[in-house]
1. Top to bottom by accessible area (1.4 Å), largest first, where do Asp121, Asp98 land?
2. Kindly report, to the nearest 10 Å², the accessible surface of Ser88 as traced by a 1.4 Å probe over protein heavy atoms only.
3. Quick check: residue separation of Thr91 and Asn43 times 0.36 nm, minus the Cα distance between them. What number comes out in nm?
4. Relative to the present Cα-Cα distance, how much length would full extension add between Asn110 and Val33 at 0.36 nm per residue of separation?
Amino acid sequence: ILQQTMDVIDDFETFEIPEDDGFSVTGSIAVVVIDLETTGFGNGAQIVEIAATELTNNLKFSHLVKPQTEMTSQATKKHGYQKVHLESFPTFDTVGKDFVNWIESFNTQNVLFLAHNASFDRNVLTNE
């Protein structure tokens, strides 16, 4: 579901939907603000925290995640997590399924994700 719905728009200031591109939404739309914290900032980074809020109903999803790779010192400096602090949490295999179930509970096929650094977050989600 995430692969199908996460189109990335990097520049909201210049983003416009052309009137003739066939873009349309049938039914309701869920607007979800999402933020990820990761083990690093390059290829191979894994999620250590996923937090999201669906804006219409103020539904929240927040989970820490046990990474399978080492944490970079730059990532720890940014978010404060160390791998040892995350050992008791589930891996992304479990948390990712819970997140998809949370998204599917909105009963809509239309989900708009808003994220800072969306290209990076989408790549990390896709690789998980």
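1. Values: Asp121 10, Asp98 65 Å².
The residues order as Asp98, Asp121, largest area first.
2. The accessible area of Ser88 comes to roughly 100 Å².
3. Details: separation 48, 0.36 × 48 = 17.28 nm, distance 1.85 nm.
Result: 15.4 nm gained on full extension.
4. Working: separation 77, 0.36 × 77 = 27.72 nm, distance 1.40 nm.
Working it through step by step, the gained length comes to 26.3 nm.
The values are calculated or read from the model by the stated rules, or taken from the named source; none is laboratory data. On a predicted model such as this, the values are computed, not experimentally measured, just so you know. Surface accessibility is based on the protein's heavy atoms, side chains included, excluding ligands, DNA and RNA. Shrake-Rupley method; radii C 1.70, N 1.55, O 1.52, S 1.80 Å.
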